[in-house]
Amino acid sequence: MKIIDLSAWQTNVNWQAIADAGFGGVILKIGERSELDSMFVNHVNNAVAQGLKYGVYYYGHANNIDAAKTEAVQVDTWIKTYLNGVNPELGIWYDAEDNIMLSGPQNVVYPITAFITSLNAAKYNYVGLYSSYNWLTNEIDLTCLPDYVPIWSAQYGYQENSFKAEHPKCVSRIWQYTDHYSDSLPYDASEYYE
């Protein structure tokens, strides 16, 4: 399945063009810190109206376990408020790419794991990690990530998902292969794997 991700940076989305281009779903930024993404509600309503599957992502800043747990509580609150507590079909993704996350006392995998397991404990069954190929291979100690965690890797300019090929034991679910699908659809495009 082809999917795209959208945030407040995309305000004039041509939802019909997305459907016509064969996208089966969207992953929407729910927010960061304590700020709900300003386009989240609009994007969710349009995705549902278009019959598209959707997931959400949260842009992380936590550099320690307690901060990550606080971020998870924020996401849980928003999902209960805006999605009636339903786990989005395409998952909840923790976007780990902000360099502040690397300034903590331990490897960044520990706050990432705290965020994911906190939401698992809140009964969300599909919570994963989004990050760049560089972070996944150089910054995040994947040996300490629970082996059930789905991974969405961003790796542009490649003909295949080499992260998936190089890490066959990881649960590689999504490969983001471009940050600009086309001139008419300037959105991040990904392939989704079941």
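The values are calculated or read from the model by the stated rules, or taken from the named source; none is laboratory data. In this text, all values refer to a predicted model and were calculated from it rather than measured experimentally. Please note: Cβ atoms are built from the backbone with ideal geometry, for glycine as well, and neighbour counts cover all protein chains shown.
Structure data summary
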| quantity | calculated |
| --- | --- |
| Lone unmet requirement of (1) modelled with pLDDT of 95 or more; (2) more than 20 Å from THR178 (Cα to Cα) for GLN16 | (1) |
| Subset of the stretch 41-79 that is among the aromatic types (Phe, Trp, Tyr) and out of contact with any helix residue (DSSP H, G or I) (no Cβ under 7 Å at 6 or more places or on another chain) - its residue that is nearest to ILE18 (Cα to Cα) | TYR57 |
| Filter result (crowded, with 21+ Cβ neighbours inside 10 Å, among the aromatic types (Phe, Trp, Tyr) and within 23 Å of PRO105 (Cα to Cα)) within the stretch 126-178 | TYR130 |
| Qualifying residue in the stretch 130-145 (condition: under 14 Å from the mean Cα position of the chain (by Cα), assigned to a loop (DSSP other than H, G, I, E, B) and under 30 Å from LYS80 (Cβ atoms)) | no |
| Any hit, the stretch 59-69, residues being surrounded by 14 or more Cβ atoms within 10 Å (Cβ to Cβ), touching a Ser or Thr at 6+ places or on another chain (Cβ under 6 Å) and either among the aliphatic types (A, V, I, L, M) or farther than 17 Å from LEU6 by Cα (or both) | yes |
